[in-house]
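The values are calculated or read from the model by the stated rules, or taken from the named source; none is laboratory data. Here the structure is a predicted model, which means the values were calculated and not measured. Glycine gets a Cβ as well: all are built from the backbone with ideal geometry, and neighbour counts include every protein chain shown. We work out accessible area using only protein heavy atoms, side chains counted, and drop any ligands, DNA or RNA first. Shrake-Rupley method; radii C 1.70, N 1.55, O 1.52, S 1.80 Å.
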There are 4 protein chains.
Amino acid sequence: MANVKLAVIFYSMGGTNYQLAQWAAEGARETGAEVKVLKVEELAPQSVIEGNEVWKNTVEATKDVPVVTSADVEWADAIIFSVPTRFGNMPSQMKQFLDTQGGLWATGKTVNKVVSAMTSAQNPHGGQEATLLSLYTSMMHWGAIIATPGYTDPVLFGAGGNPYGTSVTVGQDGKMIEDVQAAVKHQAKRTVTVAEWVKKGQQ
Amino acid sequence: MANVKLAVIFYSMGGTNYQLAQWAAEGARETGAEVKVLKVEELAPQSVIEGNEVWKNTVEATKDVPVVTSADVEWADAIIFSVPTRFGNMPSQMKQFLDTQGGLWATGKTVNKVVSAMTSAQNPHGGQEATLLSLYTSMMHWGAIIATPGYTDPVLFGAGGNPYGTSVTVGQDGKMIEDVQAAVKHQAKRTVTVAEWVKKGQQ
Amino acid sequence: MANVKLAVIFYSMGGTNYQLAQWAAEGARETGAEVKVLKVEELAPQSVIEGNEVWKNTVEATKDVPVVTSADVEWADAIIFSVPTRFGNMPSQMKQFLDTQGGLWATGKTVNKVVSAMTSAQNPHGGQEATLLSLYTSMMHWGAIIATPGYTDPVLFGAGGNPYGTSVTVGQDGKMIEDVQAAVKHQAKRTVTVAEWVKKGQQ
Amino acid sequence: MANVKLAVIFYSMGGTNYQLAQWAAEGARETGAEVKVLKVEELAPQSVIEGNEVWKNTVEATKDVPVVTSADVEWADAIIFSVPTRFGNMPSQMKQFLDTQGGLWATGKTVNKVVSAMTSAQNPHGGQEATLLSLYTSMMHWGAIIATPGYTDPVLFGAGGNPYGTSVTVGQDGKMIEDVQAAVKHQAKRTVTVAEWVKKGQQ
């Protein structure tokens with residue numbers, strides 16, 4: 001799958017979705033895919049971030065991660081999104097990125113991207129499913145091809161069995177409760193594999 | 001709240017949702033509400049049920065529970081639904097019940113019922129959120145008033161923090177993994193309380 | 001695309017979704033796909049159907065259409081669903097069919113089916129979007145690959161521009177209001193095309 | 001209903017949702033409610049707005065409309081949201097507003113607000129339903145009480161029969177295609193009426 005190009009696009013405030021993004025990149029690279037890990041632009045003012053130790057640390061830890069652009073979406077054969085839930089929907093930062101891709105969308109350049117998504121929340125049922133589904137609804141507008149994990153591998157059951165994408169619960173201490181690394185890697189491989197089929201088919 | 005009439009309408013194959021329904025009834029009765037616990041009609045053939053020990057036991061355990069009718073919906077000020085997830089949506093048995101209420105709906109008799117819902121699944125993220133949301137979408141067609149638990153009580157966090165309604169994971173042994181009894185009772189009280197406001201307001 | 005096998009699975013009470021299914025079959029056959037048009041089992045009692053002239057006529061018109069089975073799902077590389085909306089969700093008849101595919105699902109035989117869906121309603125915004133999305137949520141549980149029309153062809157704008165799948169409004173007289181034939185055929189071709197990519201990729 | 005406080009919160013780029021918001025305010029005021037019409041903060045840079053005549057005109061036309069704050073949410077008994085669809089979901093501007101209400105939410109001050117929503121799109125099925133449903137999912141996290149129009153008045157059928165909230169199609173010329181004014185007013189009255197019941201009940 002050396003010729004599949006994957007963009008892993010994340011928003012992370014506490015570090016969890018950056019970690020998920022890195023695991024996805026790792027899993028995809030093991031298949032030979034070319035991977036870019038990319039963050040969406042922050043909307044919060046610097047002063048608010050400064051006042052929150054965890055957030056500040058995440059901004060610092062991701063300071064060398066490039067901000068995603070339309071050119072990255074155009075470049076990609078496959079996209080994996082990774083975002084925390086915000087009231088059962090993607091965060092505004094990710095929504096803002098999607099909303100500003102209208103130009104790309106209007107010229108048909110979002111069509112046939114193979115996509116899947118990952119998420120995190122502080123409660124086990126705190127909007128994980130709804131957040132993933134919100135991303136897929138938007139992707140249908142893009143003409144993307146949606147390939148979620150479903151129950152395609154036993155490793156998914158250990159990670160909570162979310163068929164819409166890997167989701168993880170984050171404890172009060174900011175640490176992930178379930179061990180989802182293997183599930184993330186499986187999801188990344190599946191996304192890249194389907195993208196390879198789609199890419200070859202289009203050639 | 002002596003004058004609020006609550007219908008708890010469930011479908012249960014393994015007993016979990018019958019148990020949730022009974023807890024909801026208990027919680028509602030503690031507020032003084034008049035409660036009916038009602039099952040929806042089974043669609044599976046008797047022969048299939050006979051071949052499944054757990055299912056057969058549930059059918060036996062619920063044999064004296066009345067089958068819900070349009071008259072029950074008309075009677076109710078409030079409705080709590082309780083169903084297992086089936087591929088991220090309510091089971092066909094519950095859908096069949098809703099679908100056959102077209103006559104009641106067409107005469108405006110589903111309007112202003114105060115509703116909430118509960119669910120169960122075998123995986124922690126096995127469609128709990130999506131199933132609850134599927135019920136609410138249909139309820140918007142009915143002109144119902146939707147009052148989910150949200151995060152209106154600390155007891156909800158212990159039950160998994162599902163803001164759309166109480167949800168529980170059922171293990172391989174058929175037993176509930178989280179302790180959701182207090183969350184169910186809170187949800188029932190909230191549903192009845194909002195129904196009381198709506199009922200008084202309409203008088 | 002001679003080797004792609006497409007199952008068009010519909011439920012129709014008034015004839016609209018049977019018509020949509022036939023157009024989809026036509027569009028798919030033009031690409032060389034092998035197509036089966038299949039109905040789901042009726043749940044309504046014969047007496048109710050007899051009392052409704054339109055419904056009776058549809059049952060009569062579709063009496064030679066085979067009832068879909070698990071073997072058809074297993075056979076298919078691609079599936080197009082076509083259903084009327086029922087309170088913003090698929091009808092119980094279709095849900096019952098999906099729910100009874102648990103055996104197939106448990107053995108992984110629903111994985112990688114390429115799917116899309118079509119729908120109808122009596123109001124322009126009477127649940128068309130929500131109904132299509134309800135089918136896709138279930139398909140994610142199946143591990144299916146979802147390829148909706150998006151805005152992949154200008155013909156879709158004339159049909160109402162529903163990116164989730166072709167949808168049509170049915171007037172009081174039972175006739176379709178928008179002209180969606182070309183959109184249906186485009187959708188069928190897109191579904192088959194993606195299925196061909198996936199099928200070849202898996203070989 | 002003199003004592004019901006309604007916040008109509010909108011985002012508008014082309015003027016449609018500002019118009020819907022004004023009609024909602026008008027309908028609510030006819031019932032005696034106290035109404036604030038409020039816009040969410042813009043996220044687009046001034047230079048982008050300047051380059052778009054229609055957008056610039058809307059910003060100019062709404063320059064005296066106050067930007068909504070947490071204090072407005074706290075003040076309100078009822079909220080009506082009005083937003084254009086952006087890829088089947090609310091625009092990032094509205095999402096950003098919701099996301100930044102975490103402080104209010106954490107102190108329970110979003111509970112029992114009575115809410116409904118309105119939307120617009122350029123295609124008749126361009127995400128109207130999905131956008132409204134995305135708002136309600138978030139509102140369930142807030143512990144809000146959702147009172148959509150359903151089919152509670154014949155006027156709704158003329159406006160497209162969207163049970164989740166009034167939705168309108170905007171033509172290439174920027175003008176609304178359906179006549180939804182009466183439907184908007186009905187929705188506003190229903191939202192205020194249910195809010196009055198809830199408010200009285202809580203006293």
Might you work out the accessible area of A:Thr107 for me, using a 1.4 Å probe with all protein chains in place, and round it to the nearest 10 Å²?
90
Please get the size of the charge dipole for segment B:5-202, origin at its Cα centre, with Cβ charges of +1 on Lys and Arg and -1 on Asp and Glu, quoted in debye to the nearest 20.
460
Taking Cα centroids, how far is segment B:84-125 from segment D:18-45 in Å?
33
Search the structure for amide H atoms under 5 Å from the amide H of B:Phe10, placed 1.01 Å from N in the peptide plane, and list their residues when 5 or more places away or on another chain.
B:Leu38, B:Lys39, B:Val40, B:Ser82
Determine the shielding of peptide B:118-127 by partner chains: average, over its residues, the number of Cβ atoms on other chains within 10 angstrom of each Cβ.
6
Going by amide H atoms built from the backbone, whose H comes under 5 Å of the H on C:Val114, apart from near neighbours?
C:Ala78, C:Ile79, C:Ile145
Tell me, what ³J(HN,Hα) does each residue in segment D:101-106 have, in order and in whole Hz, if you take phi through Karplus 6.51 cos²θ - 1.76 cosθ + 1.60 with θ = phi - 60° and put x for Gly and Pro?
9, x, x, 5, 4, 5
Suppose we consider the axis relating copy C to copy D; can you name the residue of C with the nearest Cβ and state that distance in angstrom as an integer?
C:Glu129, 2
In square angstrom, what is the accessible area per residue of the protein assembly as shown with a 1.4 angstrom probe?
34
Over segment B:5-202, what is the relative contact order in whole percent, taking alpha-carbon pairs under 8 Å and six or more residues apart?
24
Shortest-first distances to equivalent copies, position A:Ala61, nm, label 7 Å out along Cβ:
4.5, 4.7, 6.1
Segment D:90-117: which residues show an accessible-area loss of 50 Å² or more, assembly versus chain alone, 1.4 Å probe?
D:Ser92, D:Lys95, D:Gln96, D:Asp99, D:Trp105
So what is the 222 nm mean residue ellipticity for chain C from helices alone, if each DSSP H run of at least 4 adds -39500 (n - 2.57) and you divide by all residues, rounding to the nearest 500 deg cm²/dmol?
-12500 deg cm²/dmol
Heavy-atom SASA rank of B:His186, C:His141 (probe 1.4 Å, accessible area, largest first)
B:His186, C:His141
How far is C:Thr107 from itself in the other copies, in nm, if each label sits 7 Å out from Cα along the Cα-Cβ line, shortest first?
4.8, 4.9, 6.0
Quick shape check on the protein assembly as shown: root eigenvalues a ≥ b ≥ c of the Cα gyration tensor, a/c under 1.5 is rounded, otherwise prolate if a/b tops b/c, else oblate, and it reads rounded
Quick shape check on segment C:9-55: root eigenvalues a ≥ b ≥ c of the Cα gyration tensor, a/c under 1.5 is rounded, otherwise prolate if a/b tops b/c, else oblate, and it reads prolate
Peptide C:194-201 - average C-beta neighbours from other chains (10 Å radius):
5
For B:Glu30, inter-copy label distances in nm, listed shortest first [label point 7 Å out on the Cα-Cβ vector]:
4.5, 4.8, 6.4
Find the sum over both chains of the accessible area lost when A and B are paired, probe 1.4 Å, and report it in Å² to the nearest 100.
1400
Check A:Ser120: other-chain or 5+ apart residues with amide H under 5 Å from its amide H, H built from backbone geometry?
A:Val83, A:Thr85, A:Val168
Around B:Ser120: net Lys/Arg minus Asp/Glu count, Cβ-Cβ under 12 Å:
+1
For segment A:5-202, rounded, prolate or oblate, judged on the Cα gyration tensor with a ≥ b ≥ c (square roots of eigenvalues), a/c < 1.5 rounded, else prolate if a/b > b/c?
oblate
Run the 1.4 Å probe and let me know the accessible area of A:Glu74, rounded to the nearest 10 Å².
90
Note down the magnitude of the dipole of segment C:139-203 about its Cα centre, charges +1 on Lys and Arg C-beta and -1 on Asp and Glu C-beta and zero elsewhere, to the nearest 20 debye.
300
